[in-house]
Structure formats: structure tokens, C-alpha cells
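K.L.:
Take a look at this one; I'll ask things after.
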Amino acid sequence: MKKSRILLGVSGLMMLFALMSFPTPAVAEENPLLKPWTGPNGGVPPFDQVKPELIDPALEQALVAYRADIKQIAENPSPPTFENTVAALEHAGSEFERVATLFEVFASTMNGEEIKALEREWSPKFSAVSDEIIQNEKLFGRIDAIYKARKAAHLTAEQERLLWLTHNRFVKSGAQLGAEQKEELSKINARLATLFTDFGQNLLSDEETGKVVLDSRDDLVGLPESLIEAAATEAEEMGLKGKWVIRNTRSSADPFLTYADRRDLREKVWRMWASRGDNGGETDNNAIVTEILQLRAKKAKLLGFPTHAHWQLSDAMAKNPEKAMDLMLKVWKPAVARVAEEVADMQAIAKERGENLTIEPWDYRFYAEKVRKKKYDLDASELKPYLQLEKLLEAQFWVAEEMYGLSFSEVEGLPTYHPDVRVFDVKDSDGTHVGYWYFDPYAREGKRSGAWMSEYRTQEAFDITVTPIVSNNSNYIKGKPGEAVLISWDDAETMFHEFGHALHGLLSKVKYPTLAGTNVARDYVEFPSQINEHWLSTPEVLNRFALHYQTGEPMPQELIDKVEKAATFNQGFSTVEYLASALIDMKLHLAGDTKIDPRVFEKETLAELGMPSSIVMRHRIPQFAHVFSGDYYSAGYYSYLWAEVLDQDAWNAFKSEGSPYNKEVADRFVKFILSSGNTQEPADAYRNFRGQEPSIKPLLEARGFPTDGVE
Ligand SMILES: [Zn+2]
């Protein structure tokens, strides 16, 4: 859950962004970023040609071409048809799309001062351009005319779907508003784009500057040696040789909170981490949040929706906020009850240790680890020697071959932006080229944290056939040459998760790129990725690929059993931490134009919900980047849970056929889910795959919550 990633296909991005008028630079024709991609299988991204100084002139030049495409479609003297308008829009601005893709890849993986400046410059430009396209009256007039005459047009089901999505996107973004309202909307959008950038940069600033310096060995009691070494390296890099530094990042703070014996220091680190964006002064995000919420409420009203949440969910699988709230509250209640049990276990251990305390948020991870050890005799570090990155890579390829007949072979010599990046040629069982998969595994400066999938080229097959190019990105620590890279169980699950997104992009078989692969509703897109995590823990995978890095022995059955037994451990905590954020996100965006003080709202709303005092939200409001550094996840953080109902229910479909590798279920899964993109309503696609509606019961079972009375 909660994996960060870039999922919007670039064609989607382009439509969200917008066009503005800039002069044509004289040298632009020679800019290599503007050329069609060359190389095998329809070409590959020319990463070796990218220099930051080429991006700006390339984008501006490509924008001119994009505008010309739009003008040609909008002012076509022929009467509007599906082909000359809706289908033609699919290829408008393809040059711009290619340059924007290269820019996006560099912004997320090779970022530096020059790229940061370009991001600041281009985010408001992008924002203004989408309004220019959406508000083009001639263009929308044609789309609307085709939409109104659709019954007589003899369109295929896929064409009808594309027409509806295109029409809906224009209407939802204000194409039907009057001139004054359009102007107001553009102003709101421009201001929001700036506020999103400010929010993100403030948060980054707090994360980069915050630190806790530890002076003596006494401060380190309980920490594993690897953490101590990492903290010493951090200190040395900051010119504090001989000391230890805990940085203000999740990967630095969470392990400290899990292992450090010193309660006062845990509290100090926790306070630093939980206060990001909420420290007063220049980087405080509270006022920005208030303004974003007001603008979103105003925008929703302009567009004819009661609140931003209603506007956002109108084309989601959930359809309306009530349905999303209903699901969240169904899971919230048992999760809170489970937290009470978890806390009781932890209090008992504290008592045994002779400690007289009440479990606070800075204690939870620490005592949970002690409970895990006691109840399940499982230490997370026991698993790591069996989880070699290279073997897990083989494992995910093996599953993709067993399930979907895909084969992955590494290719040399194609351009990459960094020597660590690897490229794989993907073929189907007939040996036909399916696409390319790029893998960028290691952390480095200038690469965003977390793990994500992104799409370099989207599949399509109407005028021409275009094969997809997708990538997975993560932040493993690169070992010494020749040494195995070992990762945690969580990281292995994340790896399978992101690979699930990649398969969704690669197996796409649609005509129009807007409908392809991961270009689906926000609350549906995590379904193919979350279900792919399940195959990691199958015996077929563990016995073949979870091999000890020194002895080559497979993971012992006894250890596998312990992992299985501990599967529902601490689910109260992880469910409540996530859901508190998801509920606050939805309630903030259901509040309408009430002026919101984030600190007061958070406190009062959590009290109403009965939030346990021992847990803090996974993302407090002033640091909730999903929701305030852009629009994609706003009123949408519930999506992971929504998709989990589907992935747990679908996993049951595999299991009920006797094996997760059942070929017949796999074929149905490809047909209705992985290959069909957005050609159908997600609810219909799911029903066609499953033969029935999804039930919430498998999700509750998987988390170890009671299911009495649940159908
Ligand atoms: Zn995901």
C-alpha cells in the first residue's frame, strides 16, 4: 500500500497540463530532443541526448507544434466526425509528449538545480495550457456535436468509451462555462499550481534540513549495527565526524523509532518527523493548505459540484464520496478495536521490562517489534539473507512467464540516463516483441525517494501499432561490485507491486492510447499492482528464488511458516495510520467553503473518529504531499483501500481454483483486467472477470479482522 509512483500516462498529463504562447527559439530545429525516437521496435527514448539546457527550448518548440495540431483539428472545415476530431486528438502534440516524458524522467531520477528551476518555470505554464485546450470553444463544439449525435454514428464500444471520456474530461474541466467563469477558473488553476509547488518545496526543505544529532554511544542502545553505521556516515557527510545523525526522512526515522531503547530520543525524533510542514516560519504549510482548500471548494462550485470530493469522485469507480466513506468506516471500526488489543500486548511487555508508561506514538513501533519477537519468534532481519535483489528479479519474471507467457531478456546498448539503469526486451509466448521494461534500482542524489512505475511510451493500435515502454524505479542501496544486494520483505513486496503496474502497462491491448494500460480510474489503478504482491509469498516463488546469499539454500519451511503466521500482525496499527489520513483527506474535501484551520480541523476530526492516542496519521495535513502537492490523490487517498477490496477478492478467485497459477483464471485476468485498460467501466470489467460483485470479506480476513455478519 501507499507506494508513491508516477502513474499518469504522459498523454494524460498533457491533457491536464496546458499550452501557452512563447516565441519560437531560432535554434530549435536542431534540438535532438525534438526528433522522433530511433532504434529497434519503433524507437527508444534518446536519454543519452538529454541535457538540461535543451529541455526548455525543446518544450517551447514542441508547444508550437502542439498548438498547430489543436488548431487544425478545431478549425477543420469538414463537419466534425469521431475520426477527424476525437481520434485525431489522440495524436495531437506527440512531439510535446516525447519531450515532456524525457523531462519527467529527469525530474524524478536525475534532478539537480537546473531541473528544479525548470520545474518551477514549467508547472504554471503546463497548468495554463490545459485551460487553453479545454476552453477552445471550436474544439469543444466539435466534441460536443459528435457526443450528441453518438447514437447514429455506429461507433465501436471502444470508440464510444473514448468519446465519453474525452467529452467528460472537457466538461469536468470547465469547457461548458461562460467566458467570465472560464477566466476565473484559469486564475484558480494557476494559483493552485503555484501553491502545489510551494507546498512540496516547503516539505522538502523541512526534510532536508531537519536532523537529530546523537553524541555518544549511550544514545544508540538497541540499534542494529547497520543503522549505527548509516547514522555515522550521515554525520560525516554533514561535517560531524564522530557523531551520529538521524535525518528527517522516513527511511531514517522509522528504523530509529523501531529499535532505539532511549525513549526520550525516540520522542525527539518522532516530534521532528511528525512536525514537518508544521513548524511555523517560512516553510510552514498550514496557510497554504487553507488557501488550497478554499480554491478547490470555489472551483467545485463553479463546475456545478457541491464539493471538491464530489467533483473528484464523479468519474472514479466509487462514483461518490459517500460510497468511499462507507467502505473506510467499515474497516475503521475493527481496526481501532484491534489497536486496543495491540496496545494491551505492548503494555504487558513494558510492564515485564519494569517500565511504567503509557504507549505513545513514539513507542508504538518499538514495542510492536518486541511483541513480534515474543509472539511469533520472528525477527525481520532473519529474512533478509534470503532476499537477493537479483533473484527476486528472476522471480518476478518467472511469475510473469508462468501466468502470462511473457519472457524478459536483458538488452545491451540502448541509451540510458545512468549506467545503473537496465533494459529488458519483453516478448510473448510466440516470440513477438511486447515492449521494453527499464529498471532503475538504486538510490542516488537527485532521485526522488520511494518506488514507482512510469510510462515512457503508451501502447496503441489504431493508425499505427505502438508498443509500450515502461519502467520501475526504486531506491535500494547499491552494494559493492560482485556482492549480492539484500532487501527487506517489505521492499520485496514493493518490487512485486511496482512490477504489477509495469505488467498493466505492458499487457495493454487497446486501440487508443487514452484508454491504454494504467490510464484508468484512480481508485482502480492499484488493483493490478496490489494483486501482484500476492505471488511473492507463494511456495513456488520462495522455494525457487528465496535463496540464501551465501549457502544458496532455500528459505527454511519453518521461517516461511513464521512469516505466514505473522501475516496479520500489527494490522491494527497499519490500518489506522493509513485510514486516519484517508478519512481526513475526504472530510477536508467534503467541508465545502468553510474556512479551515488545519491544526484545529485535524484535532477535532480525529477526536470525533475516536483516533487512538497511541498512533499518529501516516501523513498529517501539513505534510500530506499526496493531497496538497498536486491534485491527483486529493479526495483520493482512499483509493488504496478501495483497490484492496478488489485485489483480495480476486486473489480468492485464484485460490478457489486450487492454485494461484491457474491458467484459466490467469487468462480471464489478462482478458478483462490487464489488457483492457479503460475500455470498460471498472465495475463491469471486474464483474466480467469474477462473475460476481467483489466482497469486502477477503480484505477483512487478510487483515485479521472479524467478518461476522459480512457478506
Ligand atoms: Zn501502486
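K.L.:
Any chance you could list the semi-axes, whole Å, largest first, of the equivalent ellipsoid that the Cα gyration tensor gives for the range 629-706, using √(5λ)?
P.N.:
23, 19, 10
K.L.:
Ranking request for peptides 45-52, 252-259: highest mean number of other beta-carbon atoms within 10 Å first, then the rest in descending order.
P.N.:
Ranked from most to least packed, the peptides come out as 252-259, 45-52.
K.L.:
Counting alpha carbon pairs within less than 8 Å and at least 6 residues apart, what relative contact order, in whole percent, applies to the range 344-450?
P.N.:
The normalised contact order for the range 344-450 reaches 13 percent.
K.L.:
Also, I was wondering about something else. The range 266-333: which GluC sites (Glu not before Pro) are DSSP loop and have at most 11 other beta-carbon atoms within 10 angstrom?
P.N.:
In loop regions of the range 266-333 (DSSP not H, G, I, E or B), the sparsely surrounded GluC sites (Glu not before Pro) are E282.
K.L.:
Averaged across orientations, what area in nm² does the convex hull of the alpha carbons in the chain project?
P.N.:
Result: 31.8 nm².
K.L.:
Trypsin sites (Lys or Arg not before Pro), restricted to the range 303-347: which are DSSP loop and have at most 16 other Cβ atoms within 10 Å?
P.N.:
Sparse-neighbourhood loop trypsin sites (Lys or Arg not before Pro): K319.
K.L.:
Sort E526, E681 from largest to smallest accessible area, using a 1.4 Å probe on the heavy atoms of the protein chains.
P.N.:
So, going from the largest accessible area down, we get E681, E526.
K.L.:
Given an 8 Å cut-off on Cα distances and at least 6 residues of separation, report the relative contact order of the chain as a percent.
P.N.:
Working: 1104 pairs, mean separation 113.7, N = 711.
Relative contact order for the chain comes out at 16 percent.
K.L.:
Using θ = phi - 60° and the Karplus relation 6.51 cos²θ - 1.76 cosθ + 1.60, list the HN-Hα couplings for the range 573-582 in order, rounded to whole Hz, with x at every Gly or Pro.
P.N.:
4, 5, 5, 5, 4, 6, 5, 4, 5, 5
K.L.:
What does the charge add up to near E604, with Lys and Arg as +1, Asp and Glu as -1, over the other residues with Cβ less than 15 Å from its Cβ?
P.N.:
Neighbourhood net charge equals +2.
K.L.:
Could you please state, rounded to a whole Å, how far the C-alpha centre of the range 307-368 is from the C-alpha centre of the range 231-290?
P.N.:
Using only Cα atoms, the two centres lie 23 Å from each other.
K.L.:
Report, as a whole number in µm² per second, the diffusion coefficient that Stokes-Einstein gives for the range 33-104 at 37 °C and 0.692 mPa s using the Kirkwood radius over alpha carbon pairs.
P.N.:
It diffuses with D of about 245 µm²/s by this estimate.
K.L.:
Solvent-accessible area of R262, probe 1.4 Å, all protein chains present, reported in Å² to the nearest ten, please.
P.N.:
Solvent-accessible area, nearest 10 Å²: 80 Å².
K.L.:
Net charge near E137: determine it from the other residues with C-beta under 15 Å of the C-beta of E137, scoring Lys and Arg +1 and Asp and Glu -1.
P.N.:
Numbers: positive: K71, K138, R142, K182; negative: E75, D131, E132, D144, E180, E183.
Charge balance in the 15 Å sphere: -2.
K.L.:
Counting only Cα atoms, I'd like the Rg/Rh figure for the range 479-574, Kirkwood definition for Rh.
P.N.:
Result for the range 479-574 is an Rg/Rh of 1.07.
K.L.:
Once you have the alpha carbon radius of gyration of the range 111-243, what is it after dividing by 2.2 N^0.38 Å, with N set to its residue count?
P.N.:
Taking the Cα Rg and dividing by 2.2 N^0.38 Å, one obtains 1.85.
K.L.:
Right, here's the next one. For the chain, give me the percentage of DSSP beta bridges that are antiparallel, rounded to the nearest 5 percent.
P.N.:
80
K.L.:
Leaving ligands, DNA and RNA out of it, work out the accessible area of L559 with a 1.4 Å probe and give it in Å² to the nearest 10.
P.N.:
10
K.L.:
Based on alpha-carbon atoms only, what is the radius of gyration of the range 80-163 relative to the globular estimate 2.2 N^0.38 Å?
P.N.:
1.46
K.L.:
In straight Cα distance, which lysines are under 16 Å from K125, not counting same-chain residues fewer than 8 positions off?
P.N.:
K116, K187
K.L.:
Quick one: pull the percent of accessible area on the chain belonging to carbon and sulfur, 1.4 Å probe, ligands and nucleic acids left out.
P.N.:
51
K.L.:
For K370, list the lysines whose Cα falls under 29 Å from its own Cα; do not include residues on the same chain fewer than 8 positions away.
P.N.:
The reachable lysines, counting only those whose Cα sits under 29 Å from K370, are K2, K3, K211, K243, K268, K333, K351, K384, K562, K565.
The values are calculated or read from the model by the stated rules, or taken from the named source; none is laboratory data. Predicted model only: the values in this text are computed from it and were never measured. Cβ sites come from the backbone with ideal geometry, for glycine too, and all protein chains shown count toward neighbours. Each accessible area value is taken on the protein alone, full model and side chains, heavy atoms only, with ligands, DNA and RNA left out. Shrake-Rupley method; radii C 1.70, N 1.55, O 1.52, S 1.80 Å.
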